[in-house]
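Beneath this line is the structure, given in structure tokens, with notes to follow.
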Amino acid sequence: PQNPYARLMLAEAQLAVGDARTALRTVQPLSDSVLAGERELDLALRAAKAAKDPSAGMLQARLQSPDLKANQQRASAGQAALVRQEWPAALAAFGQIPGHENDAEVLRRMALAALRSGQGAAALGYADRALELAPRNADNLHMAALVRLEQGTDRDQMLRLMKQASQLDPANRVIRADLARAVNAGS
């Protein structure tokens, strides 16, 4: 469920076999995000129209919005800054996206950038808000735990969150490694 490409392909397949309502539910976490691009919005719009869902009008408006391209540029700039490890630039770019404060994916990315730039309190705030918005997301659980691990605070909460993340995504090597590091940190 955390893989956006798999989610898009699944929604495309569901739409292709005539299950528009399920396709819409599948793509909705991506199309609802402020990071949604043309591909996500177009697929959601096609599914909504086929399902005769009232969200089609709103999706159409977002797809035709002049702000879509500007927001995509901000998101791309933020992601590029993360890759280059330019943490303040990533924070600035993601922080310019309207609605970022209510988008778990953006907040999780901002938590990482804040953590790496030495802004511990901000990192914790972003990570906890992302977790509040999507509490069953393994990546959000991991980030909330990682912030605590890196800061050496709230060990019990950190271990609980890290274990939950590992249970939700047991194949994730990064989460497993951080869980081992968290367990060993208290030994």
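Some notes on this structure:
- The chain: angle of helix 4-16 to the longest principal axis, Cα-based, in degrees nearest 10: 30
- Crossing angle, helix 104-116 versus the chain [Cα axis fit, 0-90 degrees, rounded to tens]: 30
- Reciprocal mean inverse distance between Cα atoms of segment 49-151 - Kirkwood radius, Å: 14.5
- Evaluating kT/(6 pi eta Rh) at 10 °C and 1.306 mPa s, with the Kirkwood radius of segment 81-140 over Cα pairs in the Stokes-Einstein relation, gives 143 µm² s⁻¹.
- Reciprocal mean inverse distance between Cα atoms of the chain - Kirkwood radius, Å: 17.5
- Across segment 44-97, Cα-Cα pairs more than 17 Å apart make up 51 percent of the total.
- Here segment 57-110 exposes an accessible surface that is 53 percent carbon and sulfur, computed with a 1.4 Å probe and the other protein chains kept in place.
- Estimated FRET transfer efficiency (residue 132, residue 9; beta-carbon r; R0 41 Å; 0.05): 0.90
- Once the Cα atoms are used to define both axes, helix 67-83 deviates from the longest principal axis of the chain by about 30 degrees.
- About the Cα centre, charge dipole magnitude for segment 51-177 (Lys/Arg +1, Asp/Glu -1 at Cβ), debye: 280
- Accessible area per residue was computed with a 1.4 Å probe on protein heavy atoms; residue 26 scores about 20 Å².
The values are calculated or read from the model by the stated rules, or taken from the named source; none is laboratory data. Predicted, not measured: the structure shown is a model, and the values here were computed from it. Ideal geometry is used to build each Cβ from the backbone, glycine not excepted, and the neighbour counts take in all protein chains shown. The area values use the complete protein model at the heavy-atom level, side chains included, leaving out ligands, DNA and RNA. Shrake-Rupley method; radii C 1.70, N 1.55, O 1.52, S 1.80 Å.
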